[in-house]
Amino acid sequence: MYIFIGSLVHTLDRTTIQYSTRSIVGVGSTGIIDFVVHDVFSDQLEDVLKELLATEEFKAKGWSAEKAKRIVLSHGEFFLPGFIDTHTHAPQFPNISRGQQYELLDWLNHVTFPAEERLADVEYARKIYREVVKRVLSFGTTTCCYYGSLHLEATKALADECLLAGQRAFVG
């Protein structure tokens, strides 16, 4: 569990940006944001955390200000929400840096299509997609639109892996 303290910038809607110079963001053990408190004065920080984490909701989730690792941003640093990727070909991740000698159509025929055929094996697909989702999340991409392969069960496995990892996703 992590407690992040610092400036936060995010959008409330398509035209409104919210900026808070002193926010507290609590990320639970599953990687999900459990709470955000905006505009907390430095001298109120401990009291705000103590009061918030004393609630039954957060006790039930195992929260404790003492147990959580604190990360405090320096002056000039700020938090942003996760990135959103609107076009990711999940079956092509194993092909990154492969077949650079080919033009696009040759690359598809010699590298991509043969690799995607292996995704007919659902257990293999699950293994590949678990790593894809893990890697995409490691980039800070919390929402992703994934293209799967032509194999329906493998594409369902991709959706399952997103759900298990806590990543928002559109999969098709």
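Observations
- Boolean, Val37 is open to solvent by less than 80 Å² (accessible area, probe 1.4 Å) and modelled with pLDDT of 90 or more: yes
- Of all residues in region 1-46, those satisfying the criterion of being under 17 Å from Lys69 (Cα atoms) and acidic (Asp, Glu) are Asp34, Glu46.
Yes or no, residue by residue, for (1) under 21 Å from Thr143 (Cα atoms); (2) touching a strand residue (DSSP E or B) at 6+ places or on another chain (Cβ under 8 Å):
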{"position": "Thr15", "(1), (2)": "yes, no"}
{"position": "Thr30", "(1), (2)": "yes, no"}
{"position": "His38", "(1), (2)": "no, yes"}
{"position": "Gly62", "(1), (2)": "no, no"}
{"position": "Glu66", "(1), (2)": "no, no"}
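- A count restricted to region 45-54 and to residues that are modelled with pLDDT of 90 or more and open to solvent by less than 80 Å² (accessible area, probe 1.4 Å) stands at 1.
- Looking only at region 140-169, and only at residues there that are under 28 Å from Val27 (Cβ atoms) and among the small types (Gly, Ala, Ser), the one that is surrounded by the fewest Cβ atoms within 10 Å (Cβ to Cβ): Gly140
- Residue pairs meeting the criteria (Cβ under 9 Å; at least 6 apart or on separate chains; first more than 18 Å from His151 (Cα to Cα), in region 102-117; second outside any helix (DSSP H, G or I) and charged (D, E, K, R)): Trp107/Arg98
- Consider region 55-73 and keep the residues that are of a type outside the set (Lys, Arg) and in a helix (DSSP H, G or I). The one that is most open to solvent (accessible area, probe 1.4 Å) is Glu56.
- Top-ranked residue of region 136-162 - restricted to ones that are within 19 Å of Ile32 (Cβ to Cβ) and part of a helix (DSSP H, G or I), ranked as nearest to the chain's Cα centre (by Cα): Leu137
Matching residues to (1) assigned to a strand (DSSP E or B); (2) farther than 26 Å from Leu152 by Cβ; (3) open to solvent by 80 Å² or more (accessible area, probe 1.4 Å); (4) at pLDDT 95 or above:
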residue: His75; (1), (2), (3), (4): no, yes, yes, no
residue: Pro81; (1), (2), (3), (4): no, yes, no, no
residue: Ser97; (1), (2), (3), (4): no, yes, yes, no
residue: Gln100; (1), (2), (3), (4): no, yes, yes, no
residue: Leu119; (1), (2), (3), (4): no, no, no, yes
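The values are calculated or read from the model by the stated rules, or taken from the named source; none is laboratory data. All figures in this text were calculated on a predicted structure; none of them were measured in a lab. Heads up, the Cβs are rebuilt from the backbone with ideal geometry, glycines too, and the neighbour counts pull from every protein chain shown. When the accessible area is computed, the model is the full protein with side chains, heavy atoms only, and any ligands, DNA or RNA have been set aside. Shrake-Rupley method; radii C 1.70, N 1.55, O 1.52, S 1.80 Å.
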